[in-house]
Amino acid sequence: MIMHELGVVFHVIKIVEEIATENELTEVESVTLELGEVSGVIESYLQNCWKWAVKKRSEILKDAVLKVETIPAVTYCESCRRVYGTIEHGKICPYCRSDNTYLQQGNEFQIKEISAC
């Protein structure tokens with residue numbers, strides 16, 4: 001599973017380096033990611049991969065801190081038109097017991113902010 005997070009980290013590093021270069025930054029202090037609860041990315045693995053990869057692969061990011069903001073998973077029920085916590089209840093609506101539901105948020109993975117020194 002850690003290989004998945006390593007690939008994700010390499011991708012984030014590449015994007016941040018491109019943005020840093022476009023903006024003539026010489027050093028990045030931190031990168032903030034938004035990570036959905038059900039995105040499939042494990043934050044602790046992501047943090048470990050980040051610490052290793054920025055030291056080995058990026059001069060601009062070598063001391064950058066990775067900050068992660070968790071986006072809660074929320075599901076919408078089309079039958080009763082209510083929302084509920086996906087982690088707690090899964091696909092079945094706790095209000096009307098319908099399975100006519102879809103994930104409204106919580107599978108995101110995006111760069112929110114890049115802070116330069």
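The values are calculated or read from the model by the stated rules, or taken from the named source; none is laboratory data. Just so it is clear, the structure is predicted and the values come from calculations on it, not from any experiment. As a convention, Cβ positions derive from the backbone with ideal geometry for all residues, glycine included, and neighbour counts pool all protein chains shown. Note: accessible area is taken over every heavy atom of the protein model, side chains too, but ligands, DNA and RNA are not part of it. Shrake-Rupley method; radii C 1.70, N 1.55, O 1.52, S 1.80 Å.
Hey, could you check region 26-45 for residues that are of a type in the set (A, V, I, L, M) and at pLDDT 95 or above and say which is farthest from Glu113 (Cα to Cα)?
First pass over region 26-45, keeping only residues of a type in the set (A, V, I, L, M): 28, 31, 33, 35, 38, 41-42.
Next cut, at pLDDT 95 or above only: 28, 31, 33, 35, 38.
Numbers: Val28: 11, Val31: 6, Leu33: 7, Leu35: 13, Val38: 21 Å.
Here the answer is Val38.
Matching residues to (1) among the β-branched types (Val, Ile, Thr); (2) more than 10 Å from the chain's Cα centre (by Cα):
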position: Gly7; (1), (2): no, yes
position: His11; (1), (2): no, yes
position: Lys14; (1), (2): no, yes
position: Glu17; (1), (2): no, yes
position: Thr21; (1), (2): yes, yes
position: Glu27; (1), (2): no, yes
position: Leu33; (1), (2): no, no
position: Glu37; (1), (2): no, no
position: Gly40; (1), (2): no, no
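When Lys67 is tested against (1) farther than 13 Å from Val12 by Cβ; (2) at pLDDT 95 or above; (3) basic (Lys, Arg), exactly one condition is not met: (1). Screening Gly7 on (1) open to solvent by 50 Å² or more (accessible area, probe 1.4 Å); (2) without any contact (Cβ under 8 Å) to a residue 12 or more places away in the chain shows it passes everything except condition (1).
With respect to Val83, is the statement that it is at pLDDT 95 or above, under 21 Å from Glu37 (Cα atoms) and open to solvent by 40 Å² or more (accessible area, probe 1.4 Å) true?
Working: at pLDDT 95 or above: yes; under 21 Å from Glu37 (Cα atoms): yes; open to solvent by 40 Å² or more (accessible area, probe 1.4 Å): yes.
So Val83 fits the description; yes.
Considering each residue of region 43-63, count those that are touching a residue at least 40 places away in the same chain (Cβ under 8 Å) and open to solvent by less than 60 Å² (accessible area, probe 1.4 Å), and give that number. So the answer is 8.
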